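All of the numbers you see were taken from the coordinates with simple rules; none came from a lab. The structure presented is a predicted model; accordingly, all values stated were derived computationally and were not measured. Here Cβ is always computed from backbone atoms with ideal geometry, including for glycine, and neighbour counts include all displayed protein chains.
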Amino acid sequence: MNWLAIRAIYLFEMNRIRRNLSQSVLAPIISTVLYFVVFGAAIGNRITEMDGISYGAFIVPGLVMLTVLTQSISNASFAIYFPRFTGTIYELLSAPVSYAEILLGYVGAAATKSLVLATIIMITATFFVPMNIQHPVWMIVFLVLTALTFSLFGFIIGVWADSFESLQIVPLLIVTPLAFLGGSFYSIHMLPPFWHTVSLFNPVVYLVSGFRWSFYGSADVSPSVSLGMTFVMLLVCLGIVAWIFKTGYRLRN
């Protein structure tokens with residue numbers, strides 16, 4: 001394993017946070033504050049508790065997951081698309097660096113950025129609501145697995161996209177709606193039976209539910225099922241990435 005190559009790719013991508021500090025860090029913090037003002041204050045006055053948890057505290061795991069999903073995809077997709085756009089990807093592919101090392105560098109950096117933002121958001125949330133993490137180890141497990149899974153998914157989008165506009169299609173039209181409909185701001189037990197069943201086909205439900213369980217011990221879906229679904233999504237993304245590298249899909253031409 002060429003750790004120097006991995007480190008070089010990783011540090012290059014991490015430096016983008018420093019160069020775009022306002023966009024990378026401040027924007028998610030401002031968005032989180034706005035969510036608390038709109039959902040926590042306005043709606044929280046009407047819905048005081050949910051599953052025995054104050055509504056403001058209830059939405060914290062959903063906000064963190066929403067940020068991790070969108071930021072992981074955005075960071076990873078742009079990271080691999082830009083070298084394709086400029087043509088520098090061919091220099092990387094011709095270098096003595098394996099596909100696994102390229103993947104570790106790009107996906108590792110994207111996941112790290114998402115985890116940093118998740119930590120900042122949780123710290124920000126403590127200024128609005130009391131935080132209580134009952135299962136901190138499982139919280140970290142769910143957070144890391146989600147960041148890795150959607151960084152891989154973002155890598156796939158970055159390889160597939162043929163323009164900067166294409167990078168936004170899947171996150172805006174698919175991922176964000178699924179996140180909002182995945183129990184980020186409500187419990188799916190509140191839904192009528194038909195829509196409750198439909199929600200179980202939304203993969204984001206399992207991510208949010210498992211992550212919320214790690215905070216409050218309350219979940220819409222069994223934590224073991226949530227963990228299993230997270231692993232399944234991770235394996236599917238790994239399989240697609242392996243196919244991309246094996247066939248050279250949109251990388252070698």
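Annotations for the structure displayed:
- Pair residue 33, residue 98: separation of 7 Å Cα→Cβ label points (nm): 4.6 nm
- The residue among 216, 14, 196 whose Cα reaches farthest toward the positive pole of the charge dipole of the chain, with charges on the beta-carbon of Lys, Arg, Asp and Glu, is 14.
- Exposed-loop-free span, longest in the chain, where trypsin sites (Lys or Arg not before Pro) count as exposed if DSSP calls them loop and at most 13 other C-beta atoms lie within 10 Å: 47-251
- Applying 1/(1 + (r/R0)^6) with R0 = 30 Å to the Cβ-Cβ distance of residue 180 and residue 88 gives a FRET efficiency near 0.25.
- Helix-only [θ]222 nm of the chain, DSSP H runs n ≥ 4, -39500 (n - 2.57) each, per residue, nearest 500: -22500 deg cm²/dmol
- Counted charge near residue 52, where neighbours are those whose Cβ lies closer than 15 Å (Asp, Glu -1; Lys, Arg +1): -2
- If only the Cβ of Lys and Arg carry +1 and only the Cβ of Asp and Glu carry -1, the dipole of the chain around its Cα centre is close to 440 debye.
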